[in-house]
1. Could you list, in sequence order, all residues of the stretch 10-27 that are under 25 Å from residue 102 (Cα atoms) and assigned to a helix (DSSP H, G or I)?
2. Filtering the stretch 39-52 down to residues that are surrounded by 14 or more Cβ atoms within 10 Å (Cβ to Cβ) and closer than 19 Å to residue 75 by Cβ, which residue is modelled with the lowest pLDDT?
3. Could you say which residue among 64, 87 is outside any helix (DSSP H, G or I) and either surrounded by fewer than 11 Cβ atoms within 10 Å (Cβ to Cβ) or hydrophobic (A, V, I, L, M, F, W, C) (or both)?
4. Sort out which residues of the stretch 32-66 are over 18 Å from residue 104 (Cα atoms) and of a type in the set (S, T, N, Q), and write them in order of number.
5. Hey, can you tell me all the residues within the stretch 72-81 that are farther than 30 Å from residue 114 by Cα and surrounded by fewer than 18 Cβ atoms within 10 Å (Cβ to Cβ)?
6. Would you call residue 69 polar (S, T, N, Q), surrounded by 11 or more Cβ atoms within 10 Å (Cβ to Cβ), assigned to a helix (DSSP H, G or I) and out of contact with any Asp or Glu (no Cβ under 9 Å at 6 or more places or on another chain)?
Amino acid sequence: MVCVCSLIYIAYSIRLFFVEEDVRYSMILGIAIAAFTFFEFGFNIYDLVKYRNKFTPTTKAVKMVGFCSTLTCFVLTQIALTSLSEMNMGVWNGAFGVCIGLVCLAIGLYMSLKRFPNSEIEIQQS
C-alpha cells in the first residue's frame, strides 16, 4: 500500500512541473502546517526511541509508515512556506516531492521484500 501511495504522490508532484498554479496560503495557515509537521516529526522520533528494542513486524511497519508520512508533511510545509514569497517555486516543490516520493517508494519496496524473507520461491510438488 505504501508503494501505491508513493506512486500516486510522485504523479501529483510531477504535475507541479507542468501546471502553473498560484496557490497562496496565509501566514497563519503556513505556520500551522509547519507546526503540525514538526509535531508529527517529534512524535515519530519519540516512537523510534520508545520502541527502539522492539523488532516485531508491526512496530517496524508503524515506524516506516510514520516516517513516510512525516516526509510528505515536509513537502507540504515547503509548499506552504514558499507560497508566502513572491517567487514561483513550483518546479522546486515538484522536484522535492518527487524525491520524497521515491524515498517512500523505496521504503515501501523494502517493506514488501522483507515480508518474504526468502527471495527464492519454493514450488511445492504434489
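1. Within the stretch 10-27, 10, 11, 12, 13, 14, 15, 16, 17, 18 qualify.
2. Ranking the candidates gives 44 first.
3. The match here is 87.
4. The answer is 53, 56.
5. Within the stretch 72-81, just 81 meets the criteria.
6. The answer is no for residue 69.
Quick grid of which residues meet (1) touching a Phe, Trp or Tyr at 6+ places or on another chain (Cβ under 7 Å); (2) free of Cβ contacts under 8 Å to residues at least 60 places away in the same chain; (3) farther than 21 Å from residue 112 by Cβ:
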position: 35; (1), (2), (3): no, yes, yes
position: 39; (1), (2), (3): no, yes, yes
position: 42; (1), (2), (3): no, yes, yes
position: 60; (1), (2), (3): no, yes, no
position: 64; (1), (2), (3): no, no, no
position: 67; (1), (2), (3): no, yes, no
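The values are calculated or read from the model by the stated rules, or taken from the named source; none is laboratory data. Predicted, not measured: the structure shown is a model, and the values here were computed from it. Every residue, glycine as well, gets a Cβ built from its backbone with ideal geometry; the counts of neighbours run over all protein chains shown.
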